[in-house]
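These notes are about the structure you will find just below.
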Amino acid sequence: MSLSSLPSVSTARSTASLATDAAASPPRAERFGRALLGSLLPLFLLALWALAAQQGWIGRDLLPSPGDVWRTTEALVLSGALFHHLGATLARMLAGFLIGAAAASLLGALAGSSRLVHACLDPLIQGLRSVPSIAWVPLFVLWFGIFEASKIALIAAGVFFPVYLNLASALARTDPRWDELAAVCERGRLTRFLLIALPASLPAYITGLRSGLGLGWMFVAAAELMGASQGLGFLLTDGEQTGRPETVLAAIVIFALCGRASDRVLAALAARLVWRG
Amino acid sequence: MAEAIAVRELVMNFGDRAALGPVSFTLAVGSITALVGRSGAGKTTLLRCLAGLLAPSRGEVKTPGRQGRPRIGYVFQDARLLPWLSVAGNVAFGLAHLPRAKRREAVARALAQVGLSGWAHARPGELSGGMAQRVAIARALARAPDLLLLDEPFSALDAFTRRHLQEELRLLLSRVRLTVVFITHDLDEAIALADRLLVMAGPPGRIVADLSVSETGGALLKRQVLALLEGGEEEALHAATLRLVAAQAG
């Protein structure tokens, strides 16, 4: 009897495929239901905000109406100012993210794959991690000046730690059973690293990148708040100093949209790259 | 018959604890040997020493007529497939020594041997437990090993699938002439697949009986091995072995 004639075998693929597909993308109705559920609270808060502004429960100099914020955003778009500031923020964010993620990937890969490097490197990095990243600002300003380089360095520092920690710990925790498999298949260290450790660590690495991206957005705002002549953070300080809360709120909303959109891009990339067991 | 593997005075200690040996035996080319015995009898330690996964404290595993270590095909208790590789990629994982074209041929041949030709591009997550274990067997077979080692390969499967895989493996091993050592706790499986049983007891693990499986003596052999395994004392084991050998001779 051939095993391929077993009923469990002949049905397994279709069942498993369905399960995998279902996990990858839920049915359209379910996705719509989730989106609807997730938008209920924001819509309620928006309505409450509009009502509070209309009824004058809070002064317009403190909390402008959603309409005011919309009109301010529209004006920023029409004048081209929004793209100017958004472009400056995105350029800093991209540079800081790439530098921080690249450094963390390199050091995380080294520390995760060599006990010696881990023993030498990890205590220092764990120590540095305990320093609040904002505390680096004076030093970065001294080292890199008050312009772009110090801001990018701060963003890179924010991105670095979650990426490093996730990658190094995932590599170090690679299932030793894979090493046994590699040994009986006479695979060398490099192949083990490339074909086993790296793909096994990919889900944790992507999680680290997404956490790093989130922190990157926090730090780009912090860096621009501390002193910038352009960028969304500049819009925040400009709005505060000129008494225009609608500009502050418009910048916050744009920050939120950018953070969400960039995370979705990374999540979509991860969905393509990361294996499913 | 030509020797495929010669094990001489193999001893394995973990720190101060003696886990195995000394054990000595030879394996004839094309022989199928089952290691049976209670848990802790050193079966897995012996198999891992044969595979080179453990460096023995003393003794050696030699491959007469071949330089260096034997090429091993190893099937673990779990299928141990790499979930990020396709079925074909998993089978090819042990074929780094072959050029690409030959690797492709070996993968196709091995998948055909286990009846999974149509599944080359599937991912391990799409396979049932039995299919995954067949891919693991294909991965081991594709290496054209000098020694095929199987560590309770079907223990994680349900009884129905296990029986079918045992039968499939029996047919497969009758078609390919490989030297095989496998561990099992299932005496029916051992008698159905093997032509020789090494009965182990321990710790430290040692071989207390070396029995050939005759065409007709399965039921008797099973009773005798059970008697061996249920006996506790060395003398009882020895006496049971003698009875068994006498029964086989008779």
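The values are calculated or read from the model by the stated rules, or taken from the named source; none is laboratory data. Bear in mind that the values here come from a model prediction, so they are computed numbers and not experimental data. Glycine gets a Cβ as well: all are built from the backbone with ideal geometry, and neighbour counts include every protein chain shown.
None of A:THR73, A:THR15 is farther than 26 Å from A:SER211 by Cβ and modelled with pLDDT under 85 except A:THR15. Inside the stretch B:1-41, residues that are of a type in the set (Asp, Glu), more than 25 Å from B:LEU169 (Cβ to Cβ) and in contact with a strand residue (DSSP E or B) (Cβ under 9 Å, 6 or more places away or on another chain) make up a count of 1. Residues of the stretch B:11-31 that are assigned to a strand (DSSP E or B), surrounded by 14 or more Cβ atoms within 10 Å (Cβ to Cβ) and either polar (S, T, N, Q) or touching a helix residue (DSSP H, G or I) at 6+ places or on another chain (Cβ under 6 Å) (or both): B:MET12, B:ASN13, B:ALA19, B:LEU20, B:THR26. As a summary of the residue check, A:LEU51 satisfies the conditions (1) touching a residue at least 24 places away in the same chain (Cβ under 8 Å); (2) outside the structural domain of A:GLY239 (by TED's automatic domain parsing); (3) of a type outside the set (Gly, Ala, Ser) except for the one numbered (1). Would you pick out the residues in the stretch B:85-122 that are touching a Ser or Thr at 6+ places or on another chain (Cβ under 6 Å) and surrounded by 22 or more Cβ atoms within 10 Å (Cβ to Cβ)? Across the stretch B:85-122, the qualifying residue is only B:LEU111. For the stretch A:179-190, the set of residues classified as more than 7 Å from every other protein chain (Cβ to nearest Cβ) and assigned to a helix (DSSP H, G or I) consists of A:ASP179, A:ALA182, A:ARG189, A:LEU190, listed by residue number. For the stretch B:209-220, the count of residues that are at pLDDT below 80, touching an Asp or Glu at 6+ places or on another chain (Cβ under 7 Å), assigned by TED's automatic domain parsing to the domain that holds B:PRO64 and closer than 26 Å to B:PHE76 by Cβ is at least one. The residue pairs whose first member lies in the stretch A:207-228 and is touching a residue at least 12 places away in the same chain (Cβ under 8 Å) and surrounded by 24 or more Cβ atoms within 10 Å (Cβ to Cβ), whose second member is among the basic types (Lys, Arg) and in a helix (DSSP H, G or I), and whose beta carbons are closer than 6 Å, counting only pairs six or more residues apart or on different chains, are A:VAL220/A:ARG92; A:ALA223/A:LYS151. Can B:ARG177 be described as under 19 Å from B:GLY73 (Cβ atoms), among the charged types (D, E, K, R) and not in a helix (DSSP H, G or I)? Here the answer is yes, as B:ARG177 does meet what is asked.
Pairs are defined by a Cβ separation below 9 Å, a sequence spacing of at least 6 or placement on different chains, a first member in the stretch B:154-165 that is closer than 16 Å to B:ILE183 by Cα, and a second member that is among the hydroxyl-bearing types (Ser, Thr, Tyr) and not in a helix (DSSP H, G or I); the pairs so defined are B:PHE154/B:THR184; B:SER155/B:THR184; B:ARG162/B:SER155. Taking the stretch B:82-132 as the range and being within 11 Å of chain A (Cβ to nearest Cβ), touching a helix residue (DSSP H, G or I) at 6+ places or on another chain (Cβ under 8 Å), closer than 19 Å to B:ARG143 by Cα and assigned to a loop (DSSP other than H, G, I, E, B) as the test, the residues that pass are B:LEU82, B:LEU85, B:PHE93, B:GLY94, B:LEU95, B:ALA96, B:VAL114, B:GLY115, B:LEU116.
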